[in-house]
2 protein chains.
Amino acid sequence: MELAEAKLKFIEAWGKLGSEWGINRTMAQVHALLMVSPEALTTEEVMAELSISRGNANMTLRDLIDWGLVEKQHKTGERKEFFFAEKDTWVIARRVAEERKKRELDPVLKILGQLTEIQGDEKDPAFKTFKTSVTDINKLAKNVNNTLETMLKAEESWFFGSIFKIFK
Amino acid sequence: MELAEAKLKFIEAWGKLGSEWGINRTMAQVHALLMVSPEALTTEEVMAELSISRGNANMTLRDLIDWGLVEKQHKTGERKEFFFAEKDTWVIARRVAEERKKRELDPVLKILGQLTEIQGDEKDPAFKTFKTSVTDINKLAKNVNNTLETMLKAEESWFFGSIFKIFK
DNA sequence: AATGTTTTTCATTTATTTTTGAAAGTTTAA
DNA sequence: TTAAACTTTCAAAAATAAATGAAAAACATT
């Protein structure tokens, strides 16, 4: 397999995975492209490599910067902006976990917390089932939350070292 | 807050979370509805509660059955089919993890495995960066895979007990 | 086997998400 | 200050995903 072909496969696979996990396919593809590029790329280059429009490239790059996965670079003597991706997988995993926790898990935890407070007739099966289910889901969500928080504080070695051993 | 109101909030929150994670909103809502229902429901009831069409209800319920999150029930003397959800959060988490691993992680692992095999000029920065990035991502993916596999084999107490302690 | 009941299918419609591209906005340097 | 280089915005278009509903199929009852 040639490098060019492998690159395309990687970009495609990353894009697909992203879209299955609620991340815009193009965003995942731009991320993949920058991940395997030794040099920072210009908007023009991203547009050309992935055949996407200027507007799309610009918005996608900004989103990636918001996620903390891509940074702008300015080269002396150049007017253009260059973009490059964080390449340390541990940092990437942390950034994604952090961002999704903040955007998705935290709001759900808040609602679940409210819903577990509900008062009602303990003899009513509808009430009892609701309470039990919501309480259980809340427990699960809290557990996931604790796990994530610990992970976010942890060191890379923890993830690639000790956890691996515990789990293997 | 009333039960009816709380139920709606829960269904809404679950639907939103689902859609953010690549799961059809309606599917997550039907799941939420069945989770908090003490009795198994008919298609008609699901349609009425969520104001969705017969076709949608039918397909969604089938998908939930495919995911192992919902089961059909036949009541003696009744022609209609009844549907009820698995309510044990540990079982739910496992089923979802299992299914997504199979559908999404496994294919990606396969491709990454192929891509790490690529041969090329070690002095070419484009090649070196590709190889390094793909190898690192492959490591991360394998690590996630190991973690999931261990989780899938584990007991509930492991998740709600020991892990919690390790992480707290 | 004819009839009423329930479930499934799927072509079409509707809703949502993503992309485009041209115009407006910014920045830089002569 | 002006003009070219570059970036951002956003209304409209295109692509994609999801939902509808009527018809067909499957099923059960007499």
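We did not get these values from a lab; they are worked out from the coordinates using the rules stated. These numbers were taken from a predicted model, which means no experiment stands behind them. For neighbour counting, all protein chains shown are included, and Cβ atoms are generated from backbone atoms with ideal geometry for every residue, glycine included.
Structure data summary
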| item | result |
| --- | --- |
| Using alpha carbons only: equivalent-ellipsoid semi-axes of the protein assembly as shown, gyration tensor based, whole Å | 42, 22, 20 |
| Relative contact order for the range B:33-135, counting Cα pairs under 8 Å that sit 6 or more residues apart, in percent | 21 |
| Pairs beyond 32 Å (Cα-Cα), from A:Lys101/B:Lys153; A:Lys80/B:Lys110; A:Lys9/A:Lys142; A:Lys102/B:Lys123; B:Lys16/B:Lys80 | A:Lys80/B:Lys110; A:Lys9/A:Lys142; A:Lys102/B:Lys123 |
| Label geometry 7 Å along the beta-carbon vector: B:Phe84 inter-copy distances in nm | 6.0 |
| Interchain or long-range residues, amide H under 5 Å from B:Thr42's placed H | B:Phe83 |
| Alpha carbon centroid spacing (whole Å) that separates the range A:45-119 from the range A:1-20 | 19 |
| Along chain B, longest interval not containing exposed GluC sites (Glu not before Pro), exposed being DSSP loop plus at most 11 other Cβ atoms within 10 Å | B:3-77 |
| Phi to ³J(HN,Hα) by Karplus 6.51 cos²θ - 1.76 cosθ + 1.60 over the range A:82-93, Hz, x for Gly, Pro | 10, 10, 9, 9, 4, 10, 6, 4, 5, 5, 4, 4 |
| Pairwise label distance in nanometres, B:Met59 with A:Glu81, each label 7 Å out on the Cα-Cβ vector | 4.0 |
| Alpha-carbon gyration tensor eigenvalues x 5, square-rooted, for chain B, Å | 41, 19, 15 |
| Pair A:Gln114, B:Lys102: separation of 7 Å Cα→Cβ label points (nm) | 3.7 |
| Cα Rg, Dmax (largest Cα-Cα span) when computed across the range A:3-85, Å | 12.2, 41 |
